[in-house]
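**Q** Got a structure for you, written out below as structure tokens; questions coming shortly.
The values are calculated or read from the model by the stated rules, or taken from the named source; none is laboratory data. None of the values given here were measured: they were computed from a predicted structure. Don't worry about glycine lacking a Cβ; one is built from the backbone with ideal geometry, like all the others, and counts go over all protein chains shown. Just so you know, the surface numbers come from the protein's heavy atoms only, side chains and all, with ligands and any DNA or RNA stripped out. Shrake-Rupley method; radii C 1.70, N 1.55, O 1.52, S 1.80 Å.
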Amino acid sequence: MAHASAPATCPGDTIDRAGRRWTFRHPLVIRLAHWINVACLAILLMSGLQIFNAHPALYWGAASTFDSPALAITSDQDAKGDPRGIVMIGDRTFDTTGWLGLSKNAGVLSERAFPSWTTLPAGQDLATGRRWHFLFAWAFVINGMIYLLYGLGSGQLRRRVIPDGDQIRDIGGSIREHLTLHFPEGEEARRYNVLQKLTYLVVVALLLPVMVLAGLAMSPAMDAAFPLLTQVFGGRQSARSVHFIVANLLVLFVIVHVVLVLVSGFWNNMRGMITGWFTIKAGPARANDISGAVR
């Protein structure tokens with residue numbers, strides 16, 4: 001990549017005439033795994049909502065207690081007799097007309113937990129939704145295994161998810177930076193900050209494995225072959241509830257991730273994840289910054 005006009009402080013870095021240091025941040029395997037995950041998670045979410053719509057309620061335990069769900073998204077009538085969408089969490093009821101339980105489909109109010117624009121396919125089709133979900137679940141798992149093997153073998157995983165000692169000691173400063181939307185510049189921008197690393201660690205080491213295992217625990221075939229897995233979750237219905245909760249936590253993670261990408265430099269971040277090259281302001285290097293860089 002021809003940007004060099006001055007010596008770089010780290011191998012592979014170049015500095016252009018505008019004083020920006022170009023550093024190669026994301027190897028090809030990392031970039032491919034990232035975008036495959038984006039596609040897989042989008043399809044898994046939309047097809048998962050299609051599956052949920054077939055029975056829009058969650059329970060704890062081994063069986064469905066239809067009269068007392070932990071959560072249900074449905075519809076009923078208000079005091080005037082008009083239909084309304086509702087979400088029930090335990091004994092609490094929330095009116096969600098137009099969003100959940102009752103929403104418009106082709107201009108007509110339709111009784112369904114999640115609206116048609118959020119599901120794959122858009123119409124009520126459980127069988128097709130299950131096929132999409134299972135196909136991309138395997139694609140997601142295979143892609144994740146490749147990412148983990150590459151990350152462990154190359155050391156990329158450790159550098160991306162394990163905070164350095166100085167970062168742990170300054171975690172309060174990182175929290176203040178995020179709350180005030182001020183982000184590291186100069187050499188400190190070479191590496192992920194401590195909140196990024198801890199969040200990625202929780203996602204990679206906890207949320208994703210739990211989601212996959214809970215999904216497997218819902219399968220009757222897996223329950224018959226490995227009953228202990230289902231028992232760990234407290235039953236198939238508990239596994240379904242955990243799967244749904246973790247999926248929502250991942251959606252929250254993605255929303256926060258996208259917002260931070262936007263406010264911390266959209267084009268620079270996107271260029272980094274598409275081409276691998278990321279720019280930072282040129283400045284004096286510090287040894288601990290260079291050793292902790294995401295390279």
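**Q** Tell me, please, whether a residue that is under 26 Å from Ser47 (Cα atoms), open to solvent by 30 Å² or more (accessible area, probe 1.4 Å) and either assigned by TED's automatic domain parsing to the domain that holds Val38 or not charged (D, E, K, R) (or both) can be found in segment 188-199.
**A** We begin by selecting, within segment 188-199, every residue under 26 Å from Ser47 (Cα atoms); these are 199.
From what is left, the residues that are open to solvent by 30 Å² or more (accessible area, probe 1.4 Å) are 199.
Right, trim to either assigned by TED's automatic domain parsing to the domain that holds Val38 or not charged (D, E, K, R) (or both) and you get 199.
Within segment 188-199, one or more residues are under 26 Å from Ser47 (Cα atoms), open to solvent by 30 Å² or more (accessible area, probe 1.4 Å) and either assigned by TED's automatic domain parsing to the domain that holds Val38 or not charged (D, E, K, R) (or both).
**Q** Hey, can you tell me all the residues within segment 191-231 that are touching a Phe, Trp or Tyr at 6+ places or on another chain (Cβ under 8 Å), in contact (Cβ under 8 Å) with a residue 40 or more places away in the chain and in a loop (DSSP other than H, G, I, E, B)?
**A** Tyr192
**Q** So for segment 84-91 (the condition being open to solvent by 30 Å² or more (accessible area, probe 1.4 Å), assigned to a loop (DSSP other than H, G, I, E, B) and either of a type outside the set (Val, Ile, Thr) or on the phi < 0 side of the Ramachandran plot (or both)), does at least one residue qualify? Break it down into steps so the answer makes sense when it comes.
**A** Residues of segment 84-91 open to solvent by 30 Å² or more (accessible area, probe 1.4 Å): 84, 88-91.
Next, only the ones that are assigned to a loop (DSSP other than H, G, I, E, B) stay: 90-91.
Filter again for either of a type outside the set (Val, Ile, Thr) or on the phi < 0 side of the Ramachandran plot (or both), leaving 90-91.
Yes.
**Q** Taking segment 178-187 as the search range and keeping residues that are touching a residue at least 12 places away in the same chain (Cβ under 8 Å) and closer than 20 Å to Val259 by Cβ, which one is surrounded by the most Cβ atoms within 10 Å (Cβ to Cβ)? Steps first, answer last, please.
**A** Step one: of segment 178-187, the residues touching a residue at least 12 places away in the same chain (Cβ under 8 Å) are 178, 181, 183, 185-187.
Keeping just the survivors that are closer than 20 Å to Val259 by Cβ gives 178, 181, 183, 185.
Working: His178: 17, Leu181: 10, Phe183: 15, Glu185: 10.
Ranking the qualifying residues of segment 178-187, first place goes to His178.
**Q** Among the residues of segment 106-119, is any part of a loop (DSSP other than H, G, I, E, B), of a type outside the set (Ser, Thr, Tyr) and over 16 Å from Phe52 (Cβ atoms)? Let's see the steps before the verdict.
**A** Going through segment 106-119, the residues part of a loop (DSSP other than H, G, I, E, B) turn out to be 106-107, 113-115, 119.
Pick out the ones that are also of a type outside the set (Ser, Thr, Tyr) and you get 106-107, 113-115.
Subsequent filtering for residues that are over 16 Å from Phe52 (Cβ atoms) retains 106-107.
Yes, segment 106-119 has at least one match.
**Q** Then there is this: From the set of residues in segment 250-295 that are part of a strand (DSSP E or B) and crowded, with 16+ Cβ neighbours inside 10 Å, which is modelled with the lowest pLDDT? Show your work before the answer.
**A** Pass one, segment 250-295, residues part of a strand (DSSP E or B): 277-281.
Those left that are additionally crowded, with 16+ Cβ neighbours inside 10 Å: 277-280.
Working: Trp277: 91, Phe278: 90, Thr279: 88, Ile280: 83.
Result: Ile280.
**Q** Still on this model: Could you identify the single residue in Gly165, Gly98 that is under 30 Å from Glu187 (Cα atoms) and open to solvent by 30 Å² or more (accessible area, probe 1.4 Å)?
**A** Values: Gly98 fails: under 30 Å from Glu187 (Cα atoms).
It is Gly165.
**Q** For segment 232-248, what are the residues that are assigned to a loop (DSSP other than H, G, I, E, B) and buried (at least 17 other Cβ atoms within 10 Å of the Cβ)?
**A** Phe233, Gly235
**Q** Taking the condition assigned by TED's automatic domain parsing to the domain that holds Gly215, assigned to a helix (DSSP H, G or I) and touching a Gly at 6+ places or on another chain (Cβ under 9 Å), does Gly144 pass? Reasoning before the result, please.
**A** Numbers: assigned by TED's automatic domain parsing to the domain that holds Gly215: yes; assigned to a helix (DSSP H, G or I): yes; touching a Gly at 6+ places or on another chain (Cβ under 9 Å): no.
So Gly144 fails the test.
**Q** Would you confirm whether or not segment 54-74 contains a residue that is of a type in the set (Gly, Ala, Ser), under 27 Å from the mean Cα position of the chain (by Cα) and open to solvent by 50 Å² or more (accessible area, probe 1.4 Å)?
**A** There is at least one residue in segment 54-74 that is of a type in the set (Gly, Ala, Ser), under 27 Å from the mean Cα position of the chain (by Cα) and open to solvent by 50 Å² or more (accessible area, probe 1.4 Å).
**Q** Among the residues of segment 151-177, what is the count of those that are within 24 Å of Val263 (Cα to Cα), in a helix (DSSP H, G or I), within 21 Å of the chain's Cα centre (by Cα) and without any contact (Cβ under 8 Å) to a residue 60 or more places away in the chain?
**A** Summing the residues that are within 24 Å of Val263 (Cα to Cα), in a helix (DSSP H, G or I), within 21 Å of the chain's Cα centre (by Cα) and without any contact (Cβ under 8 Å) to a residue 60 or more places away in the chain in segment 151-177 gives 2.
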